[in-house]
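The values are calculated or read from the model by the stated rules, or taken from the named source; none is laboratory data. For clarity, every value in this text was computed on a predicted model and none was experimentally measured. Glycine also receives a Cβ, built like all others from the backbone with ideal geometry; neighbour counts cover every protein chain displayed. Protein only, heavy atoms only, side chains kept; ligands, DNA and RNA dropped before computing areas. Shrake-Rupley method; radii C 1.70, N 1.55, O 1.52, S 1.80 Å.
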There are 2 protein chains.
Amino acid sequence: MREKSGTRRMRVTVGYDGTNYHGWQVQPALATVQGTLESVLGQIEGSAVHVEGSGRTDAGVHALAQVAAFNLANPIPAANLRRAMNRLLPRDIRVLSAEEAAREFEPRYGASAKSYEYRILRAEICPPFERFYVHHHPYPLNERLMMELGPLFEGEHDFTAFAASDDSDELGRSKVRRIFSSCLTREGDRLIYRVRGSGFLKHMVRNIVGVLLEAGKGNLTRENLEARLTPGCAIPAGPTAPARGLFLVSVEYE
Amino acid sequence: MREKSGTRRMRVTVGYDGTNYHGWQVQPALATVQGTLESVLGQIEGSAVHVEGSGRTDAGVHALAQVAAFNLANPIPAANLRRAMNRLLPRDIRVLSAEEAAREFEPRYGASAKSYEYRILRAEICPPFERFYVHHHPYPLNERLMMELGPLFEGEHDFTAFAASDDSDELGRSKVRRIFSSCLTREGDRLIYRVRGSGFLKHMVRNIVGVLLEAGKGNLTRENLEARLTPGCAIPAGPTAPARGLFLVSVEYE
């Protein structure tokens, strides 16, 4: 298939507050980040533009730097495109950068790594200004144990026990993923979980955090967690931590 | 007038995100911070409770630590009152502390000083997460001049030229106020104006910031500003900076 003559492949980095969106992916009659970007680009292009992202984010999940790509016939310079998009977009989505990319640039399958951050607020009271951006958990937690368990996720594992419960796996696709780093730290009154990996299943980061929280509450041991990382594990995915604490931090390409 | 026997005078410190409120003061059929607090306290007390604040904040203005007081017959301990209020309040209003106060404690006329902070974001792009909490002004400004002008507001001045335009002054009340400190600083990509004073007129801080911004744009000189601080000045109040950048930081009592 040949592209329309004169179209360019554009790559944008986008930050968004996911609070008011039903996630990244276009859904009929619902506000989504992809749908909002496509609508704005449709106005600039004068015809439908399909936007591809590096992956989906769930409803309420935020992005500091999601990467997306699309083809554009409009010859607008990249810097002007960024400004034009930001003028038309609602203030909870911002195009942080725009540039011309290689024609074959594919934000999803071309990504070599992704990083996420999950923020747990440990203060007794959640400041009003943070209410959409942290998971507020002021109750007792064995944080030391949680920190010790963080690195267990590193390496190549079958993450079946951390996939979304509605992931029916009908296609039998592999749930093996490689995690490069997985670390929980305490920063001020926040516990922050940072994870960088080759790719992530739906709900995977939130399910990892949910399981770490269960361990912190004393409901789950190191052995329980290791069992969940055993190939062919049949334990159903643990509690899913709330969306609001999760940020897609960056997407890497080789 | 005697209080109901057995009532206590309670003092609370409250933080709020003003974005979704029509300001502090009760207004019929509109969501306000005072109205929301009174509604929640009415549930706890089982009868109407009148809440007095240290002063009003405008629609969209935030508070890190507003002070309020009310009388309560319910013998609930102060720490439990705080928790009960936070359970019932929406997450954009938080009671940070609650304590029993002297019977004569009067949050408005008893205040000896108030501090405000106004945040101007100078970055080209406003992060989605800050959109309700800064005034985004990415355009050129003579920041050095603005910083030099900041301290001109210190001391006792007639702030008629900085009062709200709808302040009709029918009662002829003095518009003289004492400012203890007034300072503009650059912190990272933010210009922050901090002011502490004995009291403030409606819109006064936003009008000071509006005038400082006009000076930064080259539309107003040091002499123009000094003229506005001259007793009896008849210059109408300058542009009012947007509410979203303003935070009530603290209220002091002797």
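What to note about this one:
- Number of positions in segment B:186-212 that are basic (Lys, Arg) and assigned to a helix (DSSP H, G or I): 1
- Subset tally (residues that are surrounded by 20 or more Cβ atoms within 10 Å (Cβ to Cβ) and within 14 Å of chain B (Cβ to nearest Cβ)) for segment A:93-114: 4
- Residue A:75, sole failed condition from (1) open to solvent by less than 30 Å² (accessible area, probe 1.4 Å); (2) in contact with a strand residue (DSSP E or B) (Cβ under 9 Å, 6 or more places away or on another chain); (3) more than 13 Å from every other protein chain (Cβ to nearest Cβ): (1)
- Failed item, numbered, when residue A:87 is tested on (1) touching a residue at least 40 places away in the same chain (Cβ under 8 Å); (2) within 13 Å of chain B (Cβ to nearest Cβ); (3) farther than 25 Å from residue A:135 by Cα: (1)
- Selection from segment A:115-125 of residues that are more than 26 Å from residue A:34 (Cβ to Cβ) and crowded, with 19+ Cβ neighbours inside 10 Å: A:120, A:121
- Residue that is nearest to residue A:63 (Cα to Cα) [pool: residues in segment A:115-171 that are within 14 Å of chain B (Cβ to nearest Cβ) and in a strand (DSSP E or B)]: A:117
- Taken across segment A:39-53, residues that are out of contact with any strand residue (DSSP E or B) (no Cβ under 7 Å at 6 or more places or on another chain), of a type in the set (Asp, Glu) and either away from chain B (no Cβ under 11 Å) or surrounded by fewer than 21 Cβ atoms within 10 Å (Cβ to Cβ) (or both) do not occur at all.
- Only one of the listed residues (A:128, A:90) is in contact with a Gly (Cβ under 8 Å, 6 or more places away or on another chain) and at pLDDT 95 or above. That residue is A:128.
- Among the conditions (1) in contact with a strand residue (DSSP E or B) (Cβ under 6 Å, 6 or more places away or on another chain); (2) touching a residue at least 40 places away in the same chain (Cβ under 8 Å), residue B:125 misses just one, which is (2).
- From the options B:56, B:82, residue that is basic (Lys, Arg) and within 14 Å of another protein chain (Cβ to nearest Cβ): B:82
- So residue A:210, is it of a type outside the set (Ser, Thr, Tyr), outside the structural domain of residue A:69 (by TED's automatic domain parsing) and open to solvent by less than 60 Å² (accessible area, probe 1.4 Å): yes
- Residue B:173 vs. criteria open to solvent by 70 Å² or more (accessible area, probe 1.4 Å) and touching a Ser or Thr at 6+ places or on another chain (Cβ under 8 Å): no
- Residues that are outside any helix (DSSP H, G or I) and more than 25 Å from residue A:117 (Cβ to Cβ) were ranked within segment A:219-237; the one that is least open to solvent (accessible area, probe 1.4 Å) is A:233.
- Cβ separations smaller than 7 Å between residues 6+ apart or across chains give the following pairs from segment B:213-226 residues that are within 17 Å of residue B:240 (Cα to Cα) to residues that are surrounded by fewer than 20 Cβ atoms within 10 Å (Cβ to Cβ) and acidic (Asp, Glu): B:216/B:143; B:220/B:214.
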